[in-house]
Amino acid sequence: MSAEDVVKSVGRVFAILELFDRRRDGLTATEVERALDWPKSSTLALLKSMVTLGYLSFDRIERRYSPTIRVARLGDWIDGADERRDLDALVEDCAAMTGQTVTISCENDLRMQFLLVEAGSRPLRMNINPGLKGPLFQSNMGRVALSTKSDAAIARLAERVNRRASLLGERVDDLDEVLAHVGRIREDGFSAGYGRFIPHIGVLSWPLQRQPTAPVLVLSIGGPIDEVSASEREIAKLIPALLESHGFPAKGVPGDWSREPRHGR
């Protein structure tokens, strides 16, 4: 690729970001192509590259691309306090309160992708790098993201995952179990999962969404199973108030803590 091509590609990346800034909504590849009057092949290649890098997310059902928080954080050192600063503060407070690793993730093209990571302070901790992707249906964070969708939308996603099972490395064999689990998440407002995505790691996850039209983010607190399991009830009682204090409405508050934890193991 020549230097001129590189410069042209960089210019097109910023043109895409500026288009999203003007539209303030998700866009299909066709909408981007028509708005910028670009060839279909190069438009799709750029969008897919930005998804791979974690700067765009892709909704496979709606076929729409949306900027992720990684884009918002690029100018964080210049801009004033806003939602991305609130997210950073939330992650830092959760890590300080629990000593465990705290992450922010989002759904991205039939996968979940880590956007923000604050490493835990405990000797044994979950090690995750920003940009890493995990399964949508077989991870705790993925189940929480699914809980914000309708059952019909989840069923359509399951079909798409199964069609691409060999590429994604997961398939959905028991949709009823998935729907039962996300139903409990909707009721409780959070989910606990143990060894579901990473062996020997327990994770507590909450959905984050300030506006109905905003992309759903997932806050997760993860660490060794025995540590997370022992503190699950205490953390689950504290997080809703912490979310509210940082401007993120809690979707629910756990109720009967006399029962045994019932979330996806």
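Working note: 222 nm ellipticity from helices only, DSSP H runs with n ≥ 4, each -39,500 (n - 2.57), summed and divided by the residues of the chain, gives -14000 deg cm²/dmol to the nearest 500.
Given the Cα-Cα distance of W38 and D151 and 0.36 nm per residue of separation, how much length would full extension add, in nm? Length gained, W38 through D151: 37.0 nm. Each of the peptides 36-43, 50-57, 135-142, 172-179 was scored by the mean count of other Cβ atoms within 10 Å over its residues; in descending order, highest first, they stand as 135-142, 50-57, 172-179, 36-43. Taking other Cβ atoms within 10 Å as a rough exposure proxy, H200, H246, H181 sort from fewest to most as H200, H246, H181.
With K and R counted +1 and D and E -1, the other residues having a Cβ less than 9 Å from that of T30 yield a net charge of +1. As a proxy for reagent exposure, R70, R122, R60 were ordered by neighbouring Cβ count within 10 angstrom, fewest first; the result is R122, R60, R70. Computed from the C-beta positions of L74 and R23 and an R0 of 25 Å, the FRET efficiency is 0.85 to the nearest 0.05. Basic side chains Lys and Arg get +1 at the Cβ, acidic Asp and Glu get -1 at the Cβ, and with that the dipole of the chain about its Cα centre reaches some 620 debye.
When you restrict to C-alpha pairs under 8 Å that are six or more residues apart and normalise by the size of the range 76-245, the relative contact order lands at 22 percent.
Computed from the Cβ-Cβ distance with R0 of 22 Å, the FRET efficiency linking L175 to V216 stands at 0.60.
In straight-distance terms, cross-link reach from K149 covers every one of the lysines whose alpha-carbon lies under 22 Å from its own, apart from those fewer than eight places away in the same chain; here that gives K133, K251. From least to most packed, judged by other beta carbons within 10 angstrom and beginning with the fewest, T28, T213 follow the order T213, T28. Shown here for the range 85-152: trypsin sites (Lys or Arg not before Pro) in loop regions (DSSP other than H, G, I, E, B) with at most 15 other Cβ atoms within 10 Å, of which there are none.
Since every read-out is calculated from the coordinates, none of them should be taken as a lab result. Note that the coordinates shown come from a computational prediction; the quantities given were computed from them, not determined experimentally. So basically every Cβ, Gly included, is an ideal-geometry build from the backbone, and we count neighbours across all protein chains shown.
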